[in-house]
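Visitor: The structure that follows is given in the form of structure tokens.
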Amino acid sequence: MSYDLILNRAVQLFESGELDAAERLFRQILETAPQQPDVLNLLGLVAQAKGAHLDACHLFYQAIMQKKDNPAFYYNLAFSLKLDNKPYEAIENFQKALMLKPDIKEAYNELGVIYQGLGNLSTARENWKKALLLDNDYVDANANLARSYEKDDLPLALSELKNLISHYPEEPLPLYYLASILMNNREYEQATSVAFQAEAKAPCVDEIQVILGMLFRHQGKIDDAKKHFETAKELNPFNIAALIGLADVSSQKKDFNQAEELYKRAIELDKTNFAAHQNYAEMLFKQNRKLEALEEYRQAVILNPKSAELNNNLGVVLRDCQDYEQAMGLFINALVLEPLLEAAAVNAVETLILWHRKDADTALKIAENWYRQMPENIFAKHIYCCLKGEKSEADISYNQRLFESFADNYELVMSSVGYTAPLAVGRIAGSVKGTVVDLGCGTGLVGQVVKSPENHLTGVDISEKMLLKAKEKGVYDELICQDIISFLNENNKFDWAIAADVLGYLGNLEAFFAAAKGIKLIFTTEAAENDDDFYLQPNGRYQHSSKYIEKLLKLNGYSDIFQEHLVLRQENGCDVFGILWKAE
């Protein structure tokens, strides 16, 4: 077969996506013409399509050495350098391509994308505008320019993208960008609708399948998410976002072997991919592979030291390794970077509680410093009061925000500490009849035990996230988001009220029993270790003396009072003793 025929056949194979077959023919040509620049360039494009960007760059450099005046070679080299996370070298070579051929609109568009990634929006927009001077109907540059306003002028970004969708109804890119912005703003249903419109225009674009996978994950539709990530991977086996998405789904389904294989493949393709390192680290941590998780988190920190979430996650690993000092430093870093990241504040509180058991004086000093630095942070204030041993009133806002942050992992944590209250309440309640209110119902563990056809069950909690979890159980006739004392003051007509492991967050209980007066009660308290009516422990919960509880019950008309001592749960390997009460 002649040189031209082999070359034409290789190009056909490349264009049809048969990359391995095309590569074999290109290399066959190089055996007889080893310095053929066009073939070297085509081999570079094959390597680029396979995600082998280092190999691609090497081949493009070789082609340029043979033919220094070909703008396409510089453009292709620049594109691979961009994909290989070498933005400054990519900029240099896009500019070389433009020096040879100033009307390459795609080069200006790619320069805009790179400058945007470097945080230089003004230069990015200048380049997109240069591309549009060459072709005002260049959809990619129009869409990139429109999307660039997402952070500083969201209404403008949305308006411009919708105009592009109207002007270019067959183009998928403006739809894809609109779906991305809507997803970033948590408008998942609308984003999904727009993404499906983009898919209808371009069913074979892997990036669109990825965003559909991400959207379904956000909505908890894991099987649908997996389907779209798999489609993206089939369309492009080198799509790193698809690999990470599939790995995340596998991890969520506890298929850790498959997840690990996919994370490692993503990292193999791009060692600088932050999400791959971070998500792989989270999976390792879930498996209690703490040292391996620590290494992956450290790799991720090198890539993105200003990620608040990452500082928080690394802090959790170090806390579990009992390196409380470094852990606290990371949690404070996270809060400096993102003051509203309450997961970091909760983790800081838990770290100080653990540290206090080993070194009370140091933990108190650190808590005082945190409170001094961030006096507006209610978690800092609360733990400082706890470690000082102040007898303070409960903070409803603190409790609400604590349980909002705790909702996702609540049942897993309670299971791990041998939580006994729901079953104990169910045992003493028996087949409770009539109207029942589960106060501080949380995720519905008590509701599952006491619900029967003979009662009407209402759940009340201050955390909306907890109530969403409770709703999934399908045992409550009604769920209400409200502080329990305020609720009882407005709704005092129940036959029974249950408060399992709730009063430990309230302290002074006079208002609670006054509001519950006339309702038969089942509840638990933590047993006091001293004679105080109530005592705020370093862990942030209150203990109550049995004399104090009996006094308040009798004061509010309860005469038939039953109490039973029990172990409520384990805490750091020690029993937490409590009392189960029934009062009529």
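Bear in mind these aren't lab numbers, they're just calculated from the coordinates by the rules spelled out. Model, not experiment: these values are computed from the prediction. Glycine also receives a Cβ, built like all others from the backbone with ideal geometry; neighbour counts cover every protein chain displayed.
Visitor: Report the full-extension gain for the segment Ser559 to Thr123: residue separation times 0.36 nm, less the Cα-Cα distance, to one decimal in nm.
Guide: That works out to 149.2 nm of additional length.
Visitor: State the antiparallel share, in %, of DSSP beta bridges confined to the chain, rounding to the nearest 5.
Guide: Taking every DSSP beta bridge within the chain, about 50 percent pair in antiparallel fashion.
Visitor: Can you tell me the 0 to 90 degree angle between the C-alpha axis of helix 154-167 and the longest principal axis of the chain, rounded to 10?
Guide: Taking the Cα atoms of the chain, the angle to 154-167 is about 50 degrees.
Visitor: Once the Cα atoms of helix 105-117 and of the chain are each reduced to a long axis, what angle between those two axes, in degrees from 0 to 90 to the nearest 10, is obtained?
Guide: Once rounded, the angle reads 30 degrees.
Visitor: May I ask for the angle, rounded to the nearest 10°, between helix 71-83 and the longest principal axis of the chain, with both axes built from Cα atoms and the value confined to 0 to 90°?
Guide: Here the helix axis deviates by roughly 20 degrees.
Visitor: For the stretch 305-390, would you read off the P(r) tail past 15 Å as a percentage of all alpha carbon pairs?
Guide: 50 percent
Visitor: On average over all directions, what projected area in square nanometres does the stretch 523-575 have, based on the convex hull of its Cα atoms?
Guide: The Cα convex hull of the stretch 523-575, projected and averaged over all directions, gives 4.2 nm².
Visitor: So what's the convex hull volume per residue for the Cα atoms of the chain, in Å³?
Guide: Measuring per residue, one finds 183 Å³ for the Cα hull of the chain.
Visitor: Using the structure shown, select from Lys86/Lys290; Lys286/Lys365; Lys233/Lys471; Lys381/Lys493; Lys227/Lys471; Lys101/Lys201 the pairs with a Cα to Cα distance greater than 29 angstrom.
Guide: From Lys86/Lys290; Lys286/Lys365; Lys233/Lys471; Lys381/Lys493; Lys227/Lys471; Lys101/Lys201, over 29 Å: Lys86/Lys290; Lys286/Lys365; Lys233/Lys471; Lys381/Lys493; Lys101/Lys201.
Visitor: Computed over the Cα atoms of the stretch 118-243, what is the ratio Rg over Rh, Rh following Kirkwood?
Guide: Using Cα coordinates only, the ratio equals 0.99.
Visitor: Kindly state, to the nearest 0.05, the FRET efficiency for Arg186 paired with Thr32, given R0 = 60 Å and r defined as their beta-carbon distance.
Guide: 0.55
Visitor: About the Cα centre, and with charges only on the beta carbon of Lys, Arg (+1) and Asp, Glu (-1), how big is the dipole of the chain? Nearest 20 debye, please.
Guide: Charge dipole of the chain: 280 debye, to the nearest 20.
Visitor: When only alpha-carbon atoms are used, what values of Rg and Dmax, in angstrom, describe the stretch 212-370?
Guide: Cα only, the stretch 212-370: 17.5, 59 Å (Rg, Dmax).
Visitor: Among Leu566, Gln299, His456, whose Cα projects farthest towards the positive end of the dipole of the chain, with charges put on the beta-carbon of Lys, Arg (+1) and Asp, Glu (-1)?
Guide: Towards the positive end, the residue furthest out is Leu566.
Visitor: Out of Gly220, Val349, Leu132, whose Cα points farthest toward the positive end of the dipole of the chain (charges: +1 Lys, Arg; -1 Asp, Glu; placed on Cβ)?
Guide: Final value for the positive-end residue is Val349.
Visitor: Then there's this: So which aspartates and glutamates can Lys517 reach, going by Cα to Cα under 13 Å and dropping same-chain residues fewer than 8 places off?
Guide: Glu490, Asp495, Glu584
Visitor: If the label point is 7 Å along Cα→Cβ of Ser159, which residues in the stretch 113-146 have backbone nitrogen under 13 Å from it?
Guide: none
Visitor: Moving on. Two decimals, Cα atoms only, Kirkwood Rh: what is Rg/Rh over the stretch 408-583?
Guide: When Rh is taken as the Kirkwood radius, the ratio is 0.93.
Visitor: A follow-up question, please. Taking the Cβ of Val425 as the center, what net charge do the other residues with Cβ under 14 Å away carry, scoring Lys and Arg +1 and Asp and Glu -1?
Guide: Neighbourhood net charge equals +2.
Visitor: Evaluate the charge dipole of the stretch 408-583 about its Cα centre and quote only its size in Debye, nearest 20, assuming +1 on the Cβ of each Lys and Arg and -1 on the Cβ of each Asp and Glu.
Guide: 440 debye
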